[in-house]
Amino acid sequence: LRLIEKLYLDPLMKKPDYYNITEQDVRAIFNPISLKIIADFHGGVFLVKFIHKIDQTWSAWQTVGDSFCDLAGFLKIYTEYVNNFDNSLQTIQKCKKIPKFVTFLETNAKNPESNGIELDGLLIEPIQRIPRYELLLKELLKFTDSNHPDFLTLRKALSLITGIASVINERKRQSDSKLEVWRVAKLIKPMMEDLISPTRRFIFEGPLRSIRTKDCVNQEYYFLFNDILLRTKPNSIMILSNERSFTYKETIPLNRVQVKDPNHPESFQILFQDQTLSLYAKNVQQKELWIKHLNSALNEIETESLNRSRSISLSQSRDLD
């Protein structure tokens with residue numbers, strides 16, 4: 001968090017015009033109030049009190065559970081930070097159309113203090129902190145005797161933080177999936193900006209051979225999302241940097257797709273728009289994974305469609321009443 005402040009937030013807040021972005025953009029990316037509160041609490045209030053507690057008053061009957069109970073009340077501020085994460089990614093993506101801002105990001109990513117982690121990777125780190133507290137408390141409880149004065153307090157702290165962690169973990173799962181969408185968008189050359197959508201989630205990827213006609217076999221690479229299947233062609237791997245990139249070929253909307261298993265060990269078929277696309281995986285296991293993920297995505301789309309239909313029907317019946 002301090003690194004984000006030092007390398008990104010403070011310079012951008014001081015001179016947003018210099019980087020051709022607005023102060024509103026900076027606030028959308030960093031949610032600076034939440035970020036500073038979290039940084040100040042962990043680096044100041046909580047850490048100072050905790051160190052004082054274990055350094056000055058340590059004994060065999062020392063308690064730390066009460067400190068984590070106090071921490072649990074504060075951790076709710078993380079939900080505001082997490083809820084802003086999608087907006088943060090979208091704003092970064094919007095600002096990446098500005099060359100001066102892109103140069104700023106690239107320069108800081110190369111800074112030794114960043115360890116090669118880009119801004120989006122740094123921004124997600126606070127979201128990963130709460131599950132670590134949960135793991136720490138589980139370990140403390142494991143090695144704390146039930147007769148110890150800290151046992152019940154540690155158990156209470158774990159219960160409080162687990163409740164918060166479950167909410168954060170779900171948001172983190174969604175955020176991780178959206179980061180994956182962003183990762184894929186950057187792999188497509190030129191970058192496929194319209195791939196990034198607030199409701200789109202990454203599911204699966206892998207190489208497949210496609211057969212459209214008897215004499216036309218293509219080595220391709222597919223990316224599966226919750227609403228589309230993206231067909232691409234792998235470009236030559238850049239040997240020196242070991243970077244992958246792909247050329248866009250086609251977007252297949254999943255709401256028009258059927259999946260068929262022709263009982264061939266490695267192949268399956270995708271039916272869409274009066275077309276049949278025969279795909280061959282590397283092995284049986286990969287074929288089964290593709291069919292599993294595709295059917296799961298299709299079932300989710302069907303469920304959402306049914307729920308929308310029921311909501312519309314309910315709304316119409318209320319209007320008639």
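Can you give me the convex hull volume of the Cα atoms of segment 156-198, divided per residue and expressed in Å³?
48 Å³
With a/c under 1.5 counting as rounded, go ahead and sort segment 114-192 into rounded, prolate or oblate using the C-alpha gyration tensor (a ≥ b ≥ c being the square roots of the eigenvalues; past the cut-off, prolate if a/b is larger than b/c, else oblate).
The shape class here is prolate.
Near Lys49, which lysines are there with a Cα under 22 Å away, not counting those fewer than 8 places off in the same chain?
Lys36, Lys76, Lys138, Lys156
I'm a student and want to see the number: the projected area of the Cα convex hull of the chain, averaged over all directions, in nm².
If I average the Cα hull's projected area over directions, I get 25.4 nm².
For the chain, with the dipole built from +1 on Lys and Arg beta-carbon atoms and -1 on Asp and Glu ones, taken about the Cα centre, which of Val26, Trp61, Phe272 lies farthest toward the positive end?
The residue sitting farthest along the positive end of the dipole is Phe272.
Assign one of three labels to segment 127-258, namely rounded, prolate or oblate, based on the Cα gyration tensor with a ≥ b ≥ c the square roots of its eigenvalues; rounded applies when a/c is under 1.5, prolate when it is not and a/b is larger than b/c, and oblate otherwise.
Note, shape of segment 127-258 comes out prolate.
Given C-alpha coordinates of segment 30-135, what is the ratio Rg to Rh with the Kirkwood estimate of Rh?
1.09
Which whole number in µm²/s is D for segment 75-125 by Stokes-Einstein, with the Kirkwood Rh taken over Cα pairs at 4 °C and 1.567 mPa s?
Result for D is 108 µm²/s.
Looking only at Leu195, Leu71, Leu135, which one moves most when the chain is put into a Gaussian network model with springs between Cα atoms under 10 Å?
Between Leu195, Leu71, Leu135, it is Leu135 that shows the largest mean-square fluctuation.
Run the quick spin-label model on Gln269 and Leu306: label points 7 Å from Cα toward the beta carbon, then report their separation in nm to one decimal.
With each label point 7 Å from Cα toward Cβ, the separation is 2.6 nm.
For the ranges 119-127, 72-80, what's the packing order if you count other beta-carbon atoms within 10 Å of each residue, average per peptide, and put the highest first?
In descending order of packing, they fall as 119-127, 72-80.
Rank Asn87, Leu105, Ala72 by how far each Cα sits towards the positive end of the charge dipole of segment 1-115 (+1 on Lys, Arg Cβ; -1 on Asp, Glu Cβ) and give me just the farthest.
Ranked along the dipole, the leading option is Leu105.
Which whole-number percent is the relative contact order of segment 28-92 (Cα, under 8 Å, 6+ apart)?
Reported relative contact order: 66 percent.
Give the shape of segment 159-226 as rounded, prolate or oblate, defined through the alpha-carbon gyration tensor: a ≥ b ≥ c are the square roots of its eigenvalues, a/c under 1.5 means rounded, and otherwise the shape is prolate if a/b is larger than b/c and oblate if not.
prolate
Aspartates and glutamates within cross-link reach of Lys142: Cα-Cα under 20 Å, excluding same-chain residues under 8 positions apart?
Asp66, Glu134, Asp150
Just subtract the alpha-carbon distance of Lys36 and Asp86 from 0.36 nm times their residue separation and send over the number in nm, one decimal.
16.1 nm
Say the cut-off is 21 Å between C-alpha atoms; which of Lys260/Lys287; Lys15/Lys96; Lys186/Lys233; Lys100/Lys249 go over it?
Check vs 21 Å cut-off fails for Lys100/Lys249.
What length, rounded to one decimal in nm, is gained on full extension from Ser197 through to Ser245, with 0.36 nm per residue of separation minus their alpha-carbon distance?
15.2 nm
Which value in nm describes the separation of the simple spin-label points at Val102 and Ile117, placed 7 Å from the Cα toward the beta carbon?
Between Val102 and Ile117, the simple spin-label model gives 2.5 nm.
Carbon and sulfur: what percent of segment 44-169's accessible surface (1.4 Å probe)?
57 percent
What's the magnitude of the charge dipole for segment 164-307 around its Cα centre, counting Lys and Arg as +1 and Asp and Glu as -1 at the beta-carbon? Answer in Debye, nearest 20.
Value, rounded to 20: 340 debye.
What size of dipole, in debye to the nearest 20, comes out for the chain about its Cα centre when the only charges are +1 on Lys and Arg C-beta atoms and -1 on Asp and Glu C-beta atoms?
500 debye
If contacts are Cα pairs under 8 angstrom and at least 6 residues apart, what is the relative contact order of the chain in percent?
11 percent
For segment 1-81, build the convex hull from the C-alpha positions and give me its volume per residue in Å³.
83 Å³
May I ask you to give the solvent-accessible area per residue for the chain, in square angstrom, as obtained with a 1.4 angstrom probe?
57 Å²
The values are calculated or read from the model by the stated rules, or taken from the named source; none is laboratory data. None of the values given here were measured: they were computed from a predicted structure. Positions of Cβ are generated from backbone atoms using ideal geometry, with glycine treated the same way; all protein chains shown enter the neighbour counts. Heavy atoms of the whole protein, side chains included, go into the accessibility calculation; ligands, DNA and RNA do not. Shrake-Rupley method; radii C 1.70, N 1.55, O 1.52, S 1.80 Å.
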